[in-house]
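As structure tokens, the structure follows; a few thoughts come after it.
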Amino acid sequence: MWSKIKEATTALFGHGHVEFLEMGKAIVGVANADQGFKDPRLIQLFDVLQEGLPQGGVLSIHHRQPQVIFIAGTDRRLVSQIELQRGFREAA
């Protein structure tokens, strides 16, 4: 399900500069972007992520200098759960 996103992201950032964790209906990617959100490769990454998401999919992007972390999933609850587990969101 996530192979297109993984291949394109690896092509953009290079082997060793991006890591993935597939979680069935979700994927977490960590890319090393030295310039953070100013990195020009991120615009291309956003296009790749949008094209690679399944219909109705959800995308969440977080900046933790120098890393950009993205979480893509098939539904909002799943993405929110991953955000909570990884400390990107606080429980209500």
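The values are calculated or read from the model by the stated rules, or taken from the named source; none is laboratory data. Bear in mind that the values here come from a model prediction, so they are computed numbers and not experimental data. Cβ sites come from the backbone with ideal geometry, for glycine too, and all protein chains shown count toward neighbours. Areas reflect the complete protein model, heavy atoms only, side chains present, ligands, DNA and RNA absent. Shrake-Rupley method; radii C 1.70, N 1.55, O 1.52, S 1.80 Å.
Worth a mention:
- Relative contact order (%) - criterion: Cα under 8 Å, at least six apart; region: the chain: 26 percent
- If only the Cβ of Lys and Arg carry +1 and only the Cβ of Asp and Glu carry -1, the dipole of the range 1-56 around its Cα centre is close to 80 debye.
- Only one residue of Leu78, Gly29, Pro66 has its Cα farthest out toward the positive end of the dipole of the chain, where Lys and Arg carry +1 and Asp and Glu -1 on Cβ, and that residue is Leu78.
- Packing here is the average count of other Cβ atoms within 10 Å per residue, and on that basis the peptides 47-56, 24-33, highest first, run 24-33, 47-56.
- Residue-averaged [θ]222 nm for the chain, counting only DSSP H segments that reach four residues, each worth -39500 (n - 2.57): -11000 deg cm²/dmol
- For a straight C-alpha distance cut-off of 15 angstrom, the aspartates and glutamates reachable from Lys25 (same-chain residues fewer than eight places away being disregarded) are Asp75, Glu83.
- Ignoring aspartates and glutamates fewer than eight residues from Lys6 along the same chain, the ones with Cα atoms less than 18 angstrom from its Cα are Glu19, Glu22, Asp47, Glu51.
- Note on Arg41: accessible area is roughly 70 Å² with a 1.4 Å probe, heavy atoms of protein only.
- For the range 14-92, diffusion coefficient by Stokes-Einstein and Kirkwood Rh (Cα), 4 °C, 1.567 mPa s, µm²/s: 100 µm²/s
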